[in-house]
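Student: The structure's right below; bear with me while I get my questions together.
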Amino acid sequence: MERIQTGLASGMAAAAGFPKSKPKRPDPQQDGKNTIPLSICPDARSRIKIATSKAPEIEASHLCIGTWSWGDRGTWHWKDDELPAVREAFQVLFDAGINFIDTAQVYGGGKSEEIVGELIADLPRDSVVVQTKWHVSPLSSNNLLHPVDAPVRALKDSLKRLKLDYVDVYLVHGPIHPQGIASVAEGMAECVRQGLTRAVGVANYDLDDFMEMRKELARHDIPLAVNQCEYNVLRRYPEMSGQMAAYREMDVVFQSYSSLAQGRLTGKYGVQNPAPATRRFSNYDAADVQPALDVLGAVAMAKGKSVAAVALNYNISKGALPVVGIRSAEQARQALGALGWRLAGRDVETIDRRSFEGGKSMFWQQG
């Protein structure tokens, strides 16, 4: 039970599970494939549209500020004296044109939402796009006793922490909710009807469950606008399974979290300095990851970019909207470096040759 609770709080390991697994090479025939047209080259002030049930659509930046680490002590070892650095980083991104910020009820036990609320308190409400996620724990009495109203009750609590009247996007955080999809869809639809959120989506869903949720939401005349899954050079499963292409066909925004593999794709970690053990997503031996890092480093040097910027541009090139964790102004600047240019096809092909297919977990990361 303790392990389950810990997993629910931290998001569990997706690509590799708790034990480290041996990486699998994707189909070589897919090297350099599945990219969006080079004519699509978003900068910091470019906007992507997220579908709503009532006009207008939401216009969000092509990069989203990830806030899992804000307030989280278990995985990210948050310290309260980090807040000034986070505030500076947010200002760097906002001033550049990034208007999209992602949080969740479970991040830091609600502390992340409180920090987001503090950072945006003095901004015009229409200048920022706020996304949070419903905590889907099967151990939650709220979810068990109020199968339809649970998302509504939880979102009202989120709004108090955020100090907002509504969020722009509300996601089902994962597929492990104890109630069925029809009940969840009804609850999410009620959030829209009450004006608590403008758009709804899911996270960590496979395509089959996504399509079922989409069908159930359509009964309420509400589009399913987003799926957010782990995706990066070390986990291409959503791409290789055809899910990302399917979402593009439906005009669904596919968001990638752990876009830098919890720091492994920044150049900070390597064989001599492996990532902390608490960062379980994309959890492979550092020696197995090194060839991918070497390629990213070589491309970064040739482009005059940071390794992180190249890794994020890779996600953009594949059609993902990266959610990237930010804790410092330097990380903010590296993330901004991913925008306004595109990797050439040969560069994507070279990176693909050192990428991993990744897997899925029936407990959490199904998509």
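Quick note: the coordinates plus some simple rules give every number you see, no bench work behind them. Every value quoted in this text rests on a predicted model; they were computed, and no experiment measured them. Here Cβ is always computed from backbone atoms with ideal geometry, including for glycine, and neighbour counts include all displayed protein chains.
Student: In the P(r) worked out for the range 223-264, what percent of Cα pairs fall beyond 15 Å?
Tutor: Numbers: 335 of 861 pairs.
Value for the range 223-264 (Cα pairs over 15 Å): 39 percent.
Student: Below 15 angstrom from the Cβ of ASP80, what's the summed charge of the other residues (Lys, Arg +1; Asp, Glu -1)?
Tutor: Around ASP80, the surrounding residues sum to 0.
Student: Right, next: About its Cα centre, what dipole magnitude does the range 247-367 give when the only charges are +1 on Lys and Arg Cβ and -1 on Asp and Glu Cβ, stated in debye to the nearest 20?
Tutor: With Lys and Arg at +1 and Asp and Glu at -1, about 280 debye.
Student: Another question about this same structure. For the chain, what is the percent of antiparallel DSSP beta bridges, rounded to the nearest 5?
Tutor: On the way: 5 of 33 bridges.
Percentage antiparallel, nearest 5: 15.
Student: Per residue of the range 201-211, in order, report the coupling 6.51 cos²θ - 1.76 cosθ + 1.60 (Karplus, θ = phi - 60°) as ³J(HN,Hα) in whole Hz, putting x for Gly and Pro.
Tutor: Rounded to whole hertz, the list is x, 9, 9, 6, 7, 7, 5, 4, 5, 4, 5.
Student: Now, a different point. For the chain, what mean projected area does the convex hull of the alpha carbons give, in nm²? Intermediate results must be reported in sequence, preceding the final value.
Tutor: Values: hull surface 65.6 nm².
One quarter of the hull surface, i.e. the mean projection, equals 16.4 nm².
Student: Among VAL148, VAL299, what is the fewest-to-most ranking by other Cβ atoms within 10 Å? All intermediate terms of the calculation are to be shown ahead of the outcome.
Tutor: Numbers: VAL148 16, VAL299 23.
The fewest-first ordering by Cβ neighbours comes to VAL148, VAL299.
Student: Go through the range 189-226 and name the trypsin sites (Lys or Arg not before Pro) that are in a DSSP coil and have 11 or fewer other Cβ atoms within 10 Å of their Cβ. Each step should come with its number before you reach the end.
Tutor: Working: sites: ARG193, ARG198, ARG214, LYS215, ARG219; in loops: ARG219.
The qualifying sites are ARG219.
Student: For a footprinting-style exposure proxy, rank ARG280, ARG248 by other Cβ within 10 Å, fewest first.
Tutor: On the way: ARG280 23, ARG248 14.
Ascending number of Cβ neighbours within 10 Å: ARG248, ARG280.
Student: Taking the Cα centre of the chain as origin, work out the dipole magnitude from +1 charges on Lys and Arg Cβ and -1 charges on Asp and Glu Cβ, in debye rounded to 20. Write down the numbers at each step before the final one.
Tutor: On the way: 43 positive and 42 negative charges, 124 e Å.
Magnitude of the dipole: close to 600 debye.
Student: If the cut-off is a Cα-Cα distance under 20 Å, which lysines reach LYS49, setting aside same-chain residues fewer than 8 apart in sequence?
Tutor: Straight-distance partners of LYS49: LYS133, LYS318.
Student: Excluding residues fewer than 8 places away in the same chain, name every one of the lysines whose C-alpha is closer than 20 Å to that of LYS54.
Tutor: LYS215
Student: Can you pull the Rg over Rh of the range 52-184, Cα-only, Kirkwood?
Tutor: Details: Rg = 15.3 Å, Rh = 15.6 Å.
Rg divided by Rh gives 0.98.
Student: Please list, in order along the range 347-364, the HN-Hα scalar couplings obtained from phi with the Karplus expression 6.51 cos²θ - 1.76 cosθ + 1.60 (θ = phi - 60°), rounded to whole Hz, x for Gly and Pro.
Tutor: Working through the residues one at a time gives 5, 4, 4, 5, 5, 4, 5, 10, 8, 10, 6, x, x, 9, 10, 5, 6, 9 Hz.
Student: Let me ask something else. Using DSSP to call loops (not H, G, I, E or B), can you name the trypsin sites (Lys or Arg not before Pro) in the range 99-171 whose Cβ has at most 13 other Cβ atoms within 10 angstrom?
Tutor: LYS163
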